[in-house]
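The values are calculated or read from the model by the stated rules, or taken from the named source; none is laboratory data. Only a predicted model underlies this, so the values are computations on that prediction, with no experimental measurement involved. Using ideal geometry, Cβ is built from the backbone for each residue, glycine included, and neighbour counts are taken over all protein chains shown. Calculation scope for accessible area: heavy atoms of the full protein, side chains included, ligands and nucleic acids excluded. Shrake-Rupley method; radii C 1.70, N 1.55, O 1.52, S 1.80 Å.
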Amino acid sequence: MLLIEEKYRPVAKILFSSGTCPRCVLRLCCVGFPTPYRLPYQDLLEELRKFLTPCGGSAADGDNAPPNKKSRLDDSDGCYADEVQSVEAPETCNLCLGILQHLCDAEFVKKTFHKVQSAGYEFKDFIFSVSLPAQLLVREHCAWLQAQQEMRKYGRVLEKGDIIQLKEAYKWIIHPLISNELGVQAVSKSAFEVGVVFCHQETDEDCHFLATVCKDCFKPAKNKQSVFTRMAVVKALERIKEDDFWRQFPWPPSFPKTACEVVDMQCNHASVFVAGRYNKYSRSLPQTPWVIDGERKMESSVEELITEQLMVLFKADSFNFSSSGREDVDVRTLGRGRPFAVELVNPHKVQFTKQDMKDLQEKINRSDKIKVRDLQIVTREAVSHMKEGEEEKTKCYSALIWTEKPIKKEDLQLLDDVKELKIVQKTPLRVLHRRPLASRIRLIHTMNTEYVDEHYFRLYLKTQAGTYIKEFAHGDFGRTVPNIGSLMKTTADILELDVEVSLFCFIFCLYRVQVLYSMVCRKWNT
């Protein structure tokens, strides 16, 4: 059954007789159920002809066909059985430009299946996205205005919002066909996307008249090849008056000689995020690749040692590495390790067990320069939590300090007694080339010392995140005040620095891990 309401019969007649395909007739007649659209095209064509023929019969039925109450016309409609039967189905619809005729058949479905299969992705469901030519909006608007005029003759109203959108009707048809081929369901929200872009060069100029009527709707954009985007066309159609539209684009739209064609078909998987914590044991290893003027300064980096194995396993196109803070190349990261996350862009392999992640962690840890722990897949939202409160965290450090003036163990008591010391730091000279000049107030919460000899001692600090520890030690030519040198009334310098993760940070991150793990479990279970 077509499920077209009786009141839409005049609309169906004028559309069908003007070169509109049966499926677009259903759309303009507000048929909001998928079943009729999924009928084989020839069956649907025959059903529509029956509906438009008085008494519900086709030309072959003759006068012996029983009357059909639903198909009975108003007296004003007259008899147009011969007219309907004489109308040939358009080879290419003047509304959908063949999308609902030729681009949802078995051949197109096979093409889509082979594209997805050859791409080599892992997925449990998919979303099918469609990009349609903007001129389809103009043709649909034209059909709606004509249908609206026809409905007014009978004192009825046809709202544009009641018409079934082409994209929705297309997905009703294509979703079950592709799902059957792939063996998984098409859903409204999925990490895996199959995208198709349609184009119809023959009718590209259908939109151009709108630019003369609504000039402010069409403005050049950096990343757009044409000003006639779908959003711009929608905006212009909302503004243009009906009479102005008819003068520029009369009914019926021109008959296309060719159908829409597929100009692009791509598969894409949403990014997968892997998080964990790393320790760095080398004093000659930068966190990220160190390249200056195209010349590499260090052989490797923390980022590369971690992501090399991730890229191989997930088969991703690219990655983005981020961490909660960073350390200098000559600074070790000890304790519980620094939290990090890696965004793997367009991964082809995404289904892993806990053992798989454990094996991956062991591969990364074959390096003697770094070690990772708590490696796991997390959500995008979880990564943002890692960056939350980065400036509010408490950081712990251990440093080896040298003093020019000989010191005794008693001299260090001054530092041991410091609590909540407020310091002012101007942007250090060593980072001034990449960070703006500013004065920042930071807190040194506590300091503890360990005497080594008359020129050396070990300093343990708990500070506000964002404190420049090296500059606090040597003063940076007076740009950090007070500093270790000014407090001890001598020249001081730092020889070694290690980042230690405090218990507070560990508890905070452990809580985050538990939250992320529960989120991932819920996602997998669903």
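Within the stretch 385-404, identify whether any single residue is buried (at least 17 other Cβ atoms within 10 Å of the Cβ), modelled with pLDDT under 95 and under 29 Å from the mean Cα position of the chain (by Cα), and answer yes or no.
Yes, there is a match, as at least one residue in the stretch 385-404 is buried (at least 17 other Cβ atoms within 10 Å of the Cβ), modelled with pLDDT under 95 and under 29 Å from the mean Cα position of the chain (by Cα).
So which pairs qualify, if the first residue must be in the stretch 475-491 and in a strand (DSSP E or B), the second must be modelled with pLDDT of 95 or more, the Cβ gap must be under 7 Å, and the two must be at least 6 apart or on different chains?
Correct list of pairs: Thr480/Ile423; Thr480/Gln425; Thr480/Tyr468; Thr480/Glu471; Thr480/Phe472; Val481/Ile423; Val481/Val424.
Exactly one of (1) out of contact with any helix residue (DSSP H, G or I) (no Cβ under 7 Å at 6 or more places or on another chain); (2) surrounded by fewer than 19 Cβ atoms within 10 Å (Cβ to Cβ); (3) within 27 Å of Gly337 (Cα to Cα) is unmet by His474. Its number?
All conditions are met except number (1).
Which condition does Phe126 not pass, out of (1) at pLDDT 95 or above; (2) among the hydrophobic types (A, V, I, L, M, F, W, C); (3) surrounded by 20 or more Cβ atoms within 10 Å (Cβ to Cβ); (4) closer than 24 Å to Pro256 by Cβ, if it passes all the others?
The single condition Phe126 does not satisfy is (4).
Could you tell me which residue of the stretch 431-461 is modelled with the highest pLDDT, considering only residues that are basic (Lys, Arg) and open to solvent by 80 Å² or more (accessible area, probe 1.4 Å)? Spell out the reasoning first.
Initial filter on the stretch 431-461 (basic (Lys, Arg)): 434-435, 440, 442, 458.
Subset that is open to solvent by 80 Å² or more (accessible area, probe 1.4 Å): 434-435.
Values: Arg434: 85, Arg435: 90.
So, considering only residues that are basic (Lys, Arg) and open to solvent by 80 Å² or more (accessible area, probe 1.4 Å), the one modelled with the highest pLDDT is Arg435.
Please tell me if His208 is surrounded by 12 or more Cβ atoms within 10 Å (Cβ to Cβ), out of contact with any Phe, Trp or Tyr (no Cβ under 6 Å at 6 or more places or on another chain) and without any contact (Cβ under 8 Å) to a residue 40 or more places away in the chain.
So His208 passes the test.
Working carefully through the options Val342, Val350, find the one that is under 28 Å from Gln266 (Cα atoms) and in a strand (DSSP E or B).
Val342
For a quick check of your reading of the model, give me the residue pairs whose first member lies in the stretch 311-330 and is open to solvent by 50 Å² or more (accessible area, probe 1.4 Å), whose second is of a type in the set (Ser, Thr, Tyr), with beta-carbon atoms closer than 6 Å and at least 6 apart or on different chains.
Short answer, once both residue conditions are applied: Phe319/Thr307.
Checking the condition within 25 Å of Ala211 (Cβ to Cβ), buried (at least 19 other Cβ atoms within 10 Å of the Cβ) and touching a residue at least 40 places away in the same chain (Cβ under 8 Å), which residue from Leu136, Leu158 passes?
Numbers: Leu158 fails: within 25 Å of Ala211 (Cβ to Cβ).
Within the list Leu136, Leu158, the selection yields Leu136.
Look through Arg38, Arg49, Arg9 and report the one residue that is under 22 Å from Val157 (Cβ atoms), modelled with pLDDT of 65 or more and surrounded by 15 or more Cβ atoms within 10 Å (Cβ to Cβ).
Arg9
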